[in-house]
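The values are calculated or read from the model by the stated rules, or taken from the named source; none is laboratory data. None of the values given here were measured: they were computed from a predicted structure. Counting neighbours? That spans all protein chains shown, and the Cβs are built from the backbone with ideal geometry, glycine included. Just the protein is used for accessible areas: all its heavy atoms, side chains included, with ligands, DNA and RNA removed. Shrake-Rupley method; radii C 1.70, N 1.55, O 1.52, S 1.80 Å.
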Protein chains: 2
Amino acid sequence: MTIEQTTGMDLPQPGRMQTLREAAADGTRVIIHGAVHAIRDMGGFSFVLLRIPEGIVQCTLAGVVPEELAEECCIEADGTVHTELRAPGGLEIALDAVRVLSQPAAPVPVPINKWKTGLSLETELVLRPVTLRHAKARAIFRLQAEIVRAFRDFLQSQSFVEVHTPKIVAASAEGGANVFRLDYFGRKAFLAQSPQFYKQTMVGVYERVFEVGPVFRAEKHNTVRHLNEYVSLDFEMGYLRDFTDLCEMETAMLRFVFDRLRDGCADDLKTVGVSLPSIDRIPMVRFDEAKRAASEAYGRKIRDPFDLDPEEEVLIGRYYKEKTGSDFVFVTHYPSKKRPFYAMDDPADPRYTLSFDLLFRGMEITTGGQRIHSYAEQVEKMKAKHLDPEDFAGYLMIHKHGMPPHGGLGIGLERLCMKLFDLPNVRLASLFPRDQSRLEP
Amino acid sequence: MTIEQTTGMDLPQPGRMQTLREAAADGTRVIIHGAVHAIRDMGGFSFVLLRIPEGIVQCTLAGVVPEELAEECCIEADGTVHTELRAPGGLEIALDAVRVLSQPAAPVPVPINKWKTGLSLETELVLRPVTLRHAKARAIFRLQAEIVRAFRDFLQSQSFVEVHTPKIVAASAEGGANVFRLDYFGRKAFLAQSPQFYKQTMVGVYERVFEVGPVFRAEKHNTVRHLNEYVSLDFEMGYLRDFTDLCEMETAMLRFVFDRLRDGCADDLKTVGVSLPSIDRIPMVRFDEAKRAASEAYGRKIRDPFDLDPEEEVLIGRYYKEKTGSDFVFVTHYPSKKRPFYAMDDPADPRYTLSFDLLFRGMEITTGGQRIHSYAEQVEKMKAKHLDPEDFAGYLMIHKHGMPPHGGLGIGLERLCMKLFDLPNVRLASLFPRDQSRLEP
């Protein structure tokens, strides 16, 4: 009997632009693998554009293109790399041997290897498994990954601990009809609309916690800014002096994230064609003030004094952009009747809460606020909202047995990316978006 | 109208042991906040044990304990810190001012401030929001967070890109009855049992991807090792030479993770009372060989030649531990009939697949393998398994339009922690476990 053993790592690494650039300077021989993004027959030789994780590598192949080599073939090839300033990444590989590792059964039905694909949103999403291979989509989601990574790195540097909380839950935190129901071994259960109860619970354990995970909203909205499943970046922290500590933390986090993208992702930002907003200070205005200011400035009547509609968010964003130069604005003190039962009311005027939204280029990307930490107060507010405290016994355990003053916020990752990358629809900031009519791919 | 602006960060930071230790050396005055973990009246003065995120800080308070100061109060206090080798962390703070920020409504019903709580598993889980405040639970989940962080850091260093894939899906990857169903705007939908289809799809985009996220299994198992929702650490990579590349990558990843814990989490490891296994090489044995060897060595009859039952996993783990000294063993070439339709059969013997499990101390913590990348082959295998390829049109798009040879694996985070921390039940490695009878807290 033989027992083989794994020894460590001796794996073929993905092609890296930096490595290739260094090799190009010396005219080194390389072995490279990737997908054939495009083939251009130049008569006598061909350009074979090879898709590697970071981008496209221009290769040349002498003679007639072998019949078995088609677009979207995956190949391994040998060649000599040299500097070629007109090629992507400033280098080119002259191939002398190509090994076809796999072949597609059919060509891709849309031109994913052209910069302008001319696809409708619907086609782009229906064919997502292949349209994601387009350069711009690849840049968008690599930037998205970097945003998440920087979010975590920043919070870890501030003593936040990462948690993983359940998505199948017995009670809904945000209430209302916007919750997906499922059968859990014969019991009624819900998909979590947010990690709200659990992240608060974990403040009693670690003081500062964060979570990156899916949340589920059964909202019957079919707009450019709604998804029914999205990634929420949440943090929650104890020992607040007041709720503006949360705004401070978010401001510092965003600054850190944008600096990280600026420093490390210049190529992808260029591909997406955006420049990042600078964040110095973020203006902070009361909800009622913001409504009034935008209404007066743009002559739009206030319809609902207790809520902001999307158009109002746009106007408020525009107003404070003109006034302060900031792409962001914190709108604070949302009305109590529009905030969930765990929101702490403002002692100075209990019609309003110690909560806020962050608007980014006229769209809400964050909701946050201070939470009630007193047991008596929380029970009372539940009753005032016609909720039965019995239904929340597990959650109320934390209030009963002691919680510091605390609060937190949630950021919609796809919305942040939509505004940051200037996308016309939030679906383009989700790998496989879920909306009312879309459950596939 | 006033517009305030957030300026950056000037927040009260959580107490850090290292900062306090440095202050203790100089006998510095400090302001500290935390929860009152325990009060011990010594007559004339009291010990007030303060719970901060990293541990317990011993404080002394002269005179009679104020009436408003109870266990689980959250306080802010001023005092002078000095070295005290008999105290936790080697320091002590003489308090001279205590401000009570919040008070519990009722004392915690169980002794979370004693090392031995004497709680049954059921009580521990029912009171999870407060039992998580116990020192051992806090250490376990901080270590868990560090495992996840190291998993990501390692994979990012190897050019893997993080992805976020949908949890509400139209088709089930693992098939069978073990899937939660939900109503999605009038359509039948499922909770993802794994990110299988999507992580494979993303190999066509980035070559190497990973995801950390919840997965859902409606298994009717009530055992010490089953959860119905758990955190899966997944990675998937293209351009495999063969499936053992995956084992190499996992071996290197585990080594990196354990090194990170060993270097950075000595205090928490001590609290949990475990030492980490060393990973040099991990033995790799064929499924049928492993079964036979364990059967012969321990005189246990082989009941089902196509599957490993938990007891067999224990015996196989024991056998290779005795034989090679390794706590881990890769069991390879699982029978085709027990693996899903996307598993690649071994060309040398198609009754077996190019797949594996990783057993750790006698329990499966990973399932992985090479996937079929050819369209024709995948369609054929679906049909052989009596599946309708039409039902998987979105998934088959990747095979149709070209995929490299690829494979991947999934690791159950809670199982890894259960075995690593020598916990008697996987539920103790989940903050808020979900099992057949448990949907709360």
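Things worth noting here:
- Residue within segment B:19-30 that is in a strand (DSSP E or B), under 25 Å from residue B:139 (Cβ atoms) and open to solvent by less than 40 Å² (accessible area, probe 1.4 Å) present: yes
Quick grid of which residues meet (1) within 27 Å of residue A:156 (Cα to Cα); (2) free of Cβ contacts under 8 Å to residues at least 60 places away in the same chain; (3) of a type in the set (A, V, I, L, M):
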{"site": "B:5", "(1), (2), (3)": "yes, yes, no"}
{"site": "B:16", "(1), (2), (3)": "yes, yes, no"}
{"site": "B:37", "(1), (2), (3)": "yes, no, no"}
{"site": "B:41", "(1), (2), (3)": "no, yes, no"}
{"site": "B:51", "(1), (2), (3)": "yes, no, no"}
{"site": "B:56", "(1), (2), (3)": "yes, no, yes"}
{"site": "B:60", "(1), (2), (3)": "no, yes, no"}
{"site": "B:64", "(1), (2), (3)": "no, yes, yes"}
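- Of the residues A:165, A:223, A:201, the single one that is in a loop (DSSP other than H, G, I, E, B), touching a residue at least 24 places away in the same chain (Cβ under 8 Å) and either within 7 Å of chain B (Cβ to nearest Cβ) or crowded, with 23+ Cβ neighbours inside 10 Å (or both) is A:165.
- For residue A:207, the test of being within 11 Å of chain B (Cβ to nearest Cβ), acidic (Asp, Glu) and in contact with a strand residue (DSSP E or B) (Cβ under 8 Å, 6 or more places away or on another chain) is passed.
- Any hit, segment B:231-245, residues being in contact with a His (Cβ under 7 Å, 6 or more places away or on another chain) and part of a helix (DSSP H, G or I): no
- In segment A:410-434, the residues that are of a type in the set (Val, Ile, Thr) and not in a helix (DSSP H, G or I): A:411
- Of residues in segment A:57-78 being modelled with pLDDT of 95 or more and β-branched (Val, Ile, Thr), the one nearest to residue A:266 (Cα to Cα): A:57
- Filtered by the rule that a residue be open to solvent by 40 Å² or more (accessible area, probe 1.4 Å) and assigned to a helix (DSSP H, G or I), segment B:335-361 gives B:337, B:338.
- Close Cβ contacts (under 6 Å, 6 or more residues apart or on different chains) running from residues in segment B:137-160 that are more than 28 Å from residue A:10 (Cα to Cα) to residues that are part of a loop (DSSP other than H, G, I, E, B) comprise B:140/B:421; B:143/B:265.
- The residues of segment A:31-50 that are open to solvent by 10 Å² or more (accessible area, probe 1.4 Å) and away from chain B (no Cβ under 12 Å), listed by number, are A:39, A:40, A:41, A:42, A:43, A:44, A:45, A:47, A:49.
- On inspection, residue A:190 does not qualify as within 7 Å of another protein chain (Cβ to nearest Cβ), surrounded by fewer than 23 Cβ atoms within 10 Å (Cβ to Cβ) and aromatic (Phe, Trp, Tyr).
- Among the residues of segment B:88-109, those identified as surrounded by 18 or more Cβ atoms within 10 Å (Cβ to Cβ) and among the β-branched types (Val, Ile, Thr) are B:93, B:98, B:108.
- Tabulated pairs, segment A:365-378, first within 12 Å of chain B (Cβ to nearest Cβ), second open to solvent by 40 Å² or more (accessible area, probe 1.4 Å) and assigned to a loop (DSSP other than H, G, I, E, B), C-beta under 9 angstrom, 6+ apart or interchain: A:374/B:103; A:374/B:105; A:375/B:105; A:376/B:105
- Residues satisfying the stated conditions in segment B:255-300, i.e. closer than 22 Å to residue B:155 by Cα, among the aliphatic types (A, V, I, L, M), assigned to a helix (DSSP H, G or I) and within 10 Å of another protein chain (Cβ to nearest Cβ): none
- Scanning segment A:187-207 turns up at least one residue that is closer than 22 Å to residue B:440 by Cα and touching a His at 6+ places or on another chain (Cβ under 6 Å).
- Residue A:230 being open to solvent by 30 Å² or more (accessible area, probe 1.4 Å) and touching a strand residue (DSSP E or B) at 6+ places or on another chain (Cβ under 6 Å): yes
- Top-ranked residue in segment A:111-127 [being modelled with pLDDT of 95 or more and more than 8 Å from chain B (Cβ to nearest Cβ); ranked as least open to solvent (accessible area, probe 1.4 Å)]: A:125
- Hey, residue B:384 among the hydrophobic types (A, V, I, L, M, F, W, C) and either free of Cβ contacts under 8 Å to residues at least 60 places away in the same chain or open to solvent by 40 Å² or more (accessible area, probe 1.4 Å) (or both) or not: yes
- Of the candidates B:55, B:43, B:63, the single residue that is over 30 Å from residue A:324 (Cα atoms) and within 30 Å of the chain's Cα centre (by Cα) is B:55.
- Candidate set from segment B:51-87 (those that are over 22 Å from residue A:375 (Cα atoms) and small (Gly, Ala, Ser)); member that is most open to solvent (accessible area, probe 1.4 Å): B:62
- Looking only at segment B:398-441, residues that are open to solvent by 10 Å² or more (accessible area, probe 1.4 Å), closer than 18 Å to residue A:201 by Cα, of a type outside the set (Lys, Arg) and more than 7 Å from chain A (Cβ to nearest Cβ) come to 2 in all.
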